[in-house]
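The values are calculated or read from the model by the stated rules, or taken from the named source; none is laboratory data. Bear in mind that the values here come from a model prediction, so they are computed numbers and not experimental data. Glycine gets a Cβ as well: all are built from the backbone with ideal geometry, and neighbour counts include every protein chain shown. We work out accessible area using only protein heavy atoms, side chains counted, and drop any ligands, DNA or RNA first. Shrake-Rupley method; radii C 1.70, N 1.55, O 1.52, S 1.80 Å.
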Amino acid sequence: MKRNIRALTAFLLLLVHFTRAQSLSGTVIDSAGGQPIQGAVVYLPELKLGATTDSKGSFIMNSIPNGTYEMEVQILGYATLNQKVTIKNNEPCTCNCKMCISSFSTSEVIITALGNITNTQRSPVPVTIISHQTLLENTSSTVIDAIALQPGISMTTEGVGTTKPEINGLGFNRVLVLLDGERQEDFEWGDDHGILIDPYAVHNVEIIRGPASLQYGASAEAGVISFKSEPFAESGTVQGSLLSEYQTNNGLIGNSEDIGGNTNGLVWNIRASNEEAHDYSNSKDGYVWGSAWKQENARLTLGVNKSWGYSRLSVSALYRRIQVPTGNRDSASGKFLFNVPLSTGQIYPTRANFLAYDPTAASDKILEEYQTWWQTSINAGKGKIGIDIGYTESVHYDIDTGSVGRANFDVHDIPYSLKYQVTGEKTGIQLTTGINGTYEFESNLARAPAPYIANYEIPNYTDFQSGAYAILQKDFKRLTLSGGIRYDWSNFIGQAMYLTNPNTQEQAQASATTPGAVLQFNGFNNTYTGGSGSIGASYQLPGTGYVKLNLAKSYRAPAINELTSNGLNIGSNAFQLGNINLKAEEGYQADLAFGNNGKNVSFEVDGFYNYINNFIFADRLSAKSGGDSILLGFPAYQFLSNVAIIAGVSGYFNIHPADTKWLELDNGFTYIYSYLPNQTDSTRHIPWTPAPRLTSELKIKFTDRGNAVLKGAYIKFGLAKYWAQNNIYSALYTELPSAPYTLYNAGIGTNFVNPATKRVICSLFINCTNLTDVAYADHLNLAQYFLAYNGRGVTVTQQNQGVYNMGRNIGIKLIFPIGGHKASEVKS
């Protein structure tokens, strides 16, 4: 056995050291005058490898695996260029590129999240791309907060640090979140668990706005949000950055350091980040007690690029401790109260408490995430085989005013994927086929000691999901056709659980034979199967216009909380009851889009219609059913299903005059309507449908001059207009109508450059959100329903009774590059 291991190790070392990958080199010039373009970023998204052109417009990338790749060339002031390149054994590849002047550079960006690699204009499914520069320019607290103003995207919140995404009005288990291709299965079913991704580790984002269960399985019924980490360093270099951030409203302090290298096909990157914030404030509530949080993250990536393909290993550890506002107030004064008086007898938080960077003084959570992700792509004949496997451990502790857990559990996930991709030499048809899925197992941890009551909301369970799929795509001169099918199988096995002394301080797990034991969860074994499919086309109209149409069938099996919940969800301030008889959801969606990428104007309008059978949602129980009599007045909800219809329109309209390169006006809008057929007036709309929204941003870009110290400077002004949302699920005050409001924003930014070396010394971004300090509650702010008087939960009957969103906030970021980035390398 030892001899075999040594032989395998030696073989792998030979692969690394003696299988040479080839180089990709070339020049980038202006298409009109033929002058070389310095500072253009040449990038291969599939490999996360890039290079920057020098003063002669030349670039080179070494150690590129054999194969055909989509290459992307970008620089501010020119239209993005996409081009196919082919790398062969012993044949260095030369590629010369001509770029056209344009002040709008992100019209046809390459996307990788759809299975077959394509670009945004040819994709039949609506796709949103968020660039690195956009992320840097804006102020946010989480990765979801950073993308929530994009057309068709919104987010639910339970405080500044707890955010979950929605796509076209659907969220939670229906939206799949990825980081570098790895599924983020971190309690995605709970509204009180934010997405556990370090925002500083995200370089850019791809969002599929529509059913993507064909490629990814049941969790992608509404779409996919694919976060991408920073590209690897350029060949033969070591590069990185130091970032520091401060936000004025909640005193957020953030720091992140990353460093990476690329030598002879060996690539690596290390990142470490930390954030902490005290309670946030607004003009209605003052400081909101129970909204402080802190987060720490470390991530290491190692990889190798050789002629046979590439392999990468990523490991990370994230720790988040976050308070959850309960809305507990004094019934007479309306002041926030501690849930439990301090040992000194203090019952009201003081200013010192509000401003403390200490998320342990109120009800809070500890969330830990440990991930390992191994991705390998191997050339196989004319195609490629992709093998991905990972492991994630997500640990959850609910804390109650101190350091004692109430609901503690541990979730383990093993995601896997085996994929084969090939393009026919004669037909040009791209085939992607494979299997993927995940194996998940969960266990409740040790009970909380007295005086706290242990809470068991879900049982110990296993969930095995697997699916097989095939996707075909064919590009003609103007037409792109794409389609595929998938079949999914999933098996839920839940263990029976018995408790002794239920709903008392001595409540604990017990065996079925323990005297006085009461059944908390029935054992179950549920299997779900279903098919998905899609067929779509995009057509490039004469000129610069295009049109898209996609028809898709989606599938989603019920989640564990929907099937089995039987306890208080502490973070949601609600008692939830599952329904073991729920059936899998099946959706039928049509997407139609029309767009144009012109010299002066770019726009896209997307319309969709989604019909879902067995749509699952939580219905509030009446007091007669025990809804308001359980656990000190917390409301109770029962999961049920119904037919649901969701339709809407979203889009953007960007004005970028070719003759006025210093000016850009970007507008976006979202309107979504939901409907539950055969229901009463108070129950005819899907809960938590986002309010209609219009965003607009005017950006003025200052002209770079010679040897000036400031390069890439800009100033911008924006607004976000939200209309009232009156189409609500109003039964038993499940939802309340939301009031309209308008938020104004402003920002500035620049790069400080050494005039002699042309190298960036640092980059500065200052952005102010909610400039006029408007008091508002977003319709998807679930904390507006959190209200308790002297510790007893109260039903919110008017929007102004609950907790409001954050007030005015000014964010300041400083970024110091390591490794000698030039000013022209800053990517828009």
Could you tell me which residue out of GLY290, ASN173, TYR69 lies farthest along the dipole of the chain toward its positive end? Charges go on the beta carbon: Lys and Arg +1, Asp and Glu -1, centred on the Cα centre.
TYR69
Structure-based [θ]222 nm, the chain - -39500 (n - 2.57) summed over DSSP H runs of at least 4, per residue, nearest 500:
-1000 deg cm²/dmol
Taking the Cβ-Cβ separation of ILE347 and TRP723 as r and a Förster radius of 35 Å, what is the calculated FRET efficiency to the nearest 0.05?
0.30
With a 1.4 Å probe and all protein chains in place, put PHE786, PHE702 in order of accessible area, largest first.
PHE702, PHE786
Loop trypsin sites (Lys or Arg not before Pro), segment 687-730 (other Cβ atoms within 10 Å of the site Cβ: 16 or fewer; DSSP)
ARG705
Place a point 7 Å from Cα of ILE535 in the direction of its Cβ. Which residues in segment 545-583 have their backbone N less than 16 Å from it?
549-554
Over 20 Å between C-alpha atoms is what I'm after, so list which of LYS661/LYS716; LYS48/LYS228; LYS284/LYS813; LYS661/LYS699; LYS699/LYS721 land there.
LYS284/LYS813
Rounded accessible area per residue of the chain, 1.4 Å, Å²
39 Å²
Note, segment 75-88: 3J(HN,Hα) by Karplus (6.51, -1.76, 1.60, θ = phi - 60°), whole Hz, Gly/Pro = x, goes 6, 4, x, 10, 6, 4, 10, 10, 7, 7, 10, 10, 10, 10
Of all accessible heavy-atom area on the chain, the percent that carbon and sulfur account for (1.4 Å):
59 percent
Between 0 and 90 degrees, rounded to the nearest ten: what's the tilt of helix 2-18 against the longest Cα principal axis of the chain?
50 degrees
Hey, quick one: spin label on LEU764, modelled 7 Å out along Cα-Cβ, who in segment 711-727 has an amide N within reach, i.e. under 20 Å?
711-717
Run down the aspartates and glutamates and flag those whose C-alpha is under 14 Å from the C-alpha of LYS426, throwing out any fewer than 8 positions away in its chain.
ASP475
Check: C-alpha center segment 630-693 vs C-alpha center segment 52-66, spacing in Å is 44 Å
Mean-position separation - Cα centroids, segment 748-822 and segment 508-557, in angstrom:
33 Å
Among THR529, THR360, THR438, what's the order by accessible area (1.4 angstrom probe), most exposed first?
THR529, THR360, THR438
Chain lengthening between ASN613 and ASP704 when straightened (0.36 nm per residue, less Cα-Cα)
27.1 nm
With every protein chain in place, the accessible area of HIS412 for a 1.4 Å probe, in Å² rounded to the nearest 10, comes to 30 Å²
With every protein chain left in place and a probe of 1.4 Å, what is the accessible surface of GLU245, to the nearest 10 Å²?
10 Å²
Rounded Å value of the spacing that divides the Cα centres of segment 376-391 and segment 142-176
32 Å
Per-residue HN-Hα couplings for segment 154-166 [Karplus 6.51, -1.76, 1.60; θ = phi - 60°; Hz; x = Gly/Pro]
8, 8, 8, 9, 9, x, 4, x, 10, 9, 10, x, 10
For ARG183, solvent-accessible area (1.4 Å; no DNA, RNA or ligand), Å²
20 Å²
From phi via Karplus (6.51, -1.76, 1.60), per-residue ³J(HN,Hα) for segment 513-520 in Hz, x at Gly/Pro
8, 5, x, x, 5, 10, 6, 9
